[in-house]
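Here the structure comes first, spelled out in structure tokens, and everything after it is commentary.
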Amino acid sequence: MDTILVPVDFSANAGHAAEYAYYLAKQLKADMVLCNAVLAPSQIPQAGVIVWPIEEYNTLLEGSNDELTFLKQKLEKADTSTDFRPEISFLSEAGYLPDVVNGLAKDMQVDMTVMGTHCAGGLSTFIFGNHSRKMIDATTGPLMIVPQTALLQPVRKIAFATDLTKIADDEEAVFALIPFARALNAEILITYVYNGGDGFGGFQDQIDQFMTVLSNKANYPKIYYRIVTDSNTEAGLDWLCHHGQIDILAVVHRQHNFFDNLIKGSHTKKLSEVVEIPLLVLPEMRR
């Protein structure tokens, strides 16, 4: 992994995500690109009735670059180690956040995007936060969303959550996850939340088959599996993140899977507790 893109809006959450990204970049020996998306007047609905002189827009860009410079210097100053120090660059771009991020990710060959939660809280809040939700839906590459509660510590275990509906696609996602885990020397824990109904033997057979394929093809010995029993998928994943010594929760975001249902669920349907670790969203594989 060579480059991590970090969109920021200069909030406390974004600042913490940038710190987490820097810590992660040190482990991966990768560089960082800080970016801020500035919305131009022409991109605002009904912009034809808004008068915004170009001088004010240039002032916004200058202010953005000043804030990015300050954040870059803050990250560099906080690193007092003598080992690898990520190179940090930055830029301000006009446009909507998903368009800016996807454009930069393509042009700069970004390996992963790391961003903070849209509002204070954990998984239940950043799933419903506007910016984060739009990014989850629009991302074309790996997207890590970091809650403010995420600790700056080495990544030792990554849980990959599956609902076993598209095993072949999940296999490809795990294969794509392996280089990231290998660079961190981290375990990958394949996780399935079993709702306690009938047919457990069939699910066990599916997981055994899944693990056999991974064992034969992945060439990575640190892959294990765990079945969590809970009638509610969100609660089961929440329990695992709190009690399973998990550092990152990874999911594939595809239509009509359990994570898609999480995002589109009612605001009143909250997780039983706040997930305090980063969420790595992998886009659905295109065939």
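None of the figures in this text is laboratory data; all of them are computed from the coordinates on show. What you are looking at is a predicted structure, and each value in this text was computed from that prediction instead of being measured. Here the Cβ is made from the backbone with ideal geometry for all residues, glycine too, and neighbour counts use every protein chain on show.
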Checklist outcome for this item: Between Y225 and residues 5 or more places away or on another chain, the pairs with built amide H atoms under 5 Å apart involve I190
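Taking the number of other C-beta atoms within 10 Å as the exposure measure, put E276, E87 in order starting with the fewest.
Values: E276 15, E87 12.
Listed from fewest to most nearby Cβ atoms, that is E87, E276.
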Next on the checklist: Greater than 27 Å separation of Cα atoms is the criterion. Which listed pairs, K157/K217; K134/K217; K74/K222; K72/K106, meet it?
Outcome noted: K134/K217; K74/K222
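Could you line up T233, T149 from fewest to most neighbouring Cβ atoms inside 10 Å? Could you put the intermediate results ahead of the total?
Working: T233 19, T149 15.
With the fewest neighbours first, T233, T149 line up as T149, T233.
Tally Lys and Arg at +1 and Asp and Glu at -1 over the other residues with C-beta under 12 Å from the C-beta of Y224: what net charge comes out? Intermediate values should be presented prior to the final figure.
On the way: positive: K157, K222, R226; negative: E187.
Charge balance in the 12 Å sphere: +2.
Cut-off is 10 Å between beta-carbons; in what order do T191, T82, T165, T117 appear when sorted fewest neighbours first?
Values: T191 24, T82 6, T165 12, T117 27.
Least crowded to most crowded, the residues run T82, T165, T191, T117.
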